[in-house]
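Asker: Once you've had a glance at the structure underneath, I'll fire off some questions.
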Amino acid sequence: MGAGRPWAVLQHVPFEGPGLIETVLVDAGRDVEVIRLDLGDDLPDPRSIAGLVVMGGPMGVHDSDDHPWLAPERVLLAAAVDSGLPVLGVCLGAQQLALALGAEVTTGPVAEVGPGQVELTAAGRLDPVFGPEYGGLATTTVPCVHWHQDTFSLPPDTVHLAATRPCPHQAFRSGDRAYGLQFHVEVDRGLASSWAPLLPRGVTLDDSHLTQVETVGRRLLTRYLACADVPTPAPGR
């Protein structure tokens with residue numbers, strides 16, 4: 001799919017790069033273009049890319065005065081979903097995707113920061129990426145790293161995939177190939193090292209949990225890419 005076109009990764013701050021997402025894409029032979037919006041790079045034309053990944057960041061979706069690229073990024077996300085492109089939003093990227101698709105983004109009651117896990121919903125257990133029937137996980141829990149307080153309602157016509165008690169809306173799918181993940185499964189050792197001095201006092205990313213996140217994250221991202229490679233049927237087929 002998308003021969004000759006790269007996957008575009010939109011990065012918002014120096015320390016939140018694509019991590020395992022880029023590794024899985026490159027290992028699968030995909031070209032990857034990392035677009036640094038924080039450095040003034042232009043947003044891509046959706047017709048020029050094979051897929052779109054939107055990373056996290058400490059800013060909120062409503063901080064357009066300080067980050068004027070936020071609103072155009074949402075326009076791009078909506079256009080990418082509408083055109084059937086594979087889309088993956090992570091943390092801020094998931095919030096941006098949710099808002100672009102008509103949901104509300106608000107500040108949650110508590111922050112979730114550090115090692116953790118999310119619970120798959122009934123629909124999540126049947127999902128092509130997460131569900132064991134499709135080669136996803138053989139468990140109902142996903143080890144991950146949390147770093148957020150903002151959260152979102154579910155956009156219309158999306159599938160709720162994962163939850164935690166403080167933050168019930170942790171993941172959703174729109175159509176077949178657009179996923180929003182509030183949590184992080186892309187954290188490799190490089191990302192963990194860059195995050196370590198920025199995490200709140202007392203929060204650490206221990207090695208054993210990182211090993212779980214990397215193992216499961218690589219599997220989930222590989223499954224996501226496999227689903228992304230399946231063309232969307234034309235209308236009427």
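The values are calculated or read from the model by the stated rules, or taken from the named source; none is laboratory data. Fair warning: this is a prediction, and the values are worked out from it, not measured in the lab. Positions of Cβ are generated from backbone atoms using ideal geometry, with glycine treated the same way; all protein chains shown enter the neighbour counts.
Asker: For the range 194-209, give me each residue that is under 16 Å from Glu16 (Cα atoms) and assigned to a helix (DSSP H, G or I).
Answerer: Correct list: Ser194, Trp195, Ala196, Pro197, Leu198.
Asker: For the range 18-33, give me each residue that is at positive phi and under 16 Å from the mean Cα position of the chain (by Cα). It would help to see each step written out before you state the result.
Answerer: Looking only at the range 18-33, we keep the residues that are at positive phi, and these are 19, 29.
The one that is at positive phi and under 16 Å from the mean Cα position of the chain (by Cα): Gly19.
Asker: In this structure, is Asp207 out of contact with any helix residue (DSSP H, G or I) (no Cβ under 6 Å at 6 or more places or on another chain) and either surrounded by 15 or more Cβ atoms within 10 Å (Cβ to Cβ) or under 27 Å from Ser153 (Cβ atoms) (or both)? Talk me through it step by step, then tell me what you get.
Answerer: Working: out of contact with any helix residue (DSSP H, G or I) (no Cβ under 6 Å at 6 or more places or on another chain): yes; either surrounded by 15 or more Cβ atoms within 10 Å (Cβ to Cβ) or under 27 Å from Ser153 (Cβ atoms) (or both): no.
The answer is no for Asp207.
Asker: Which of the residues belonging to the range 62-73 are buried (at least 21 other Cβ atoms within 10 Å of the Cβ) and either touching a Leu at 6+ places or on another chain (Cβ under 8 Å) or of a type in the set (Lys, Arg) (or both)?
Answerer: Matches in the range 62-73: Glu73 only.
Asker: Oh, and also: Any idea how many residues of the range 86-134 are assigned to a loop (DSSP other than H, G, I, E, B) and either surrounded by fewer than 21 Cβ atoms within 10 Å (Cβ to Cβ) or on the phi < 0 side of the Ramachandran plot (or both)? Quick ask: steps written out before the conclusion?
Answerer: Step one: of the range 86-134, the residues assigned to a loop (DSSP other than H, G, I, E, B) are 86, 91, 101-104, 121-123, 127-131.
Those left that are additionally either surrounded by fewer than 21 Cβ atoms within 10 Å (Cβ to Cβ) or on the phi < 0 side of the Ramachandran plot (or both): 86, 101-104, 121-123, 127-131.
Number of matching residues: 13.
Asker: If you don't mind, another one. Looking only at the range 34-61, how many residues end up being more than 16 Å from the chain's Cα centre (by Cα) and either of a type in the set (D, E, K, R) or exposed (fewer than 15 other Cβ atoms within 10 Å of the Cβ) (or both)?
Answerer: Qualifying residue count, the range 34-61: 9.
Asker: Looking at the structure I just gave you, is Pro143 assigned to a loop (DSSP other than H, G, I, E, B) and either under 20 Å from Trp195 (Cβ atoms) or out of contact with any Cys (no Cβ under 9 Å at 6 or more places or on another chain) (or both)? I'd like the intermediate steps shown before the answer.
Answerer: Values: assigned to a loop (DSSP other than H, G, I, E, B): no; either under 20 Å from Trp195 (Cβ atoms) or out of contact with any Cys (no Cβ under 9 Å at 6 or more places or on another chain) (or both): yes.
No, not satisfied.
Asker: Please determine, by comparing only the residues of the range 136-159 that are among the small types (Gly, Ala, Ser) and within 20 Å of Val216 (Cβ to Cβ), which one is nearest to the chain's Cα centre (by Cα). Reasoning before the result, please.
Answerer: Pass one, the range 136-159, residues among the small types (Gly, Ala, Ser): 136, 138, 153.
Okay, now just the ones that are also within 20 Å of Val216 (Cβ to Cβ), so 136, 138.
Details: Gly136: 17, Ala138: 21 Å.
Going through the qualifying residues, I end up with Gly136.
Asker: Pull out all pairs, ordered by first then second residue, where Cβ-Cβ is under 7 Å, the residues are six or more apart or on different chains, the first lies in the range 92-105 and is under 12 Å from Val81 (Cα atoms) and modelled with pLDDT of 95 or more, and the second is basic (Lys, Arg) and assigned to a helix (DSSP H, G or I).
Answerer: Matching pairs, first to second residue: Ala100/Arg74.
Asker: In this structure, is Leu154 over 19 Å from Gln212 (Cα atoms), of a type outside the set (D, E, K, R) and assigned to a loop (DSSP other than H, G, I, E, B)?
Answerer: Working: over 19 Å from Gln212 (Cα atoms): yes; of a type outside the set (D, E, K, R): yes; assigned to a loop (DSSP other than H, G, I, E, B): yes.
Against the criterion (over 19 Å from Gln212 (Cα atoms), of a type outside the set (D, E, K, R) and assigned to a loop (DSSP other than H, G, I, E, B)), Leu154 qualifies.
For every residue, the table says whether it meets (1) surrounded by fewer than 18 Cβ atoms within 10 Å (Cβ to Cβ); (2) under 14 Å from the mean Cα position of the chain (by Cα).
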| site | (1), (2) |
| --- | --- |
| Leu161 | no, yes |
| Ser174 | no, yes |
| His184 | no, yes |
| Asp188 | no, no |
| Gln212 | yes, no |
| Gly217 | no, yes |
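Asker: Somewhere in the range 135-147, is a residue at pLDDT below 95, small (Gly, Ala, Ser) and exposed (fewer than 15 other Cβ atoms within 10 Å of the Cβ)?
Answerer: yes
Asker: What are the residue pairs meeting all of these: first residue in the range 62-90, first residue more than 22 Å from Leu20 (Cα to Cα), second residue of a type in the set (Asp, Glu) and modelled with pLDDT of 95 or more, Cβ atoms under 8 Å, and 6 or more apart or on different chains?
Answerer: Once the first residue is more than 22 Å from Leu20 (Cα to Cα) and sits in the range 62-90, its partners that are of a type in the set (Asp, Glu) and modelled with pLDDT of 95 or more give Leu70/Asp63.
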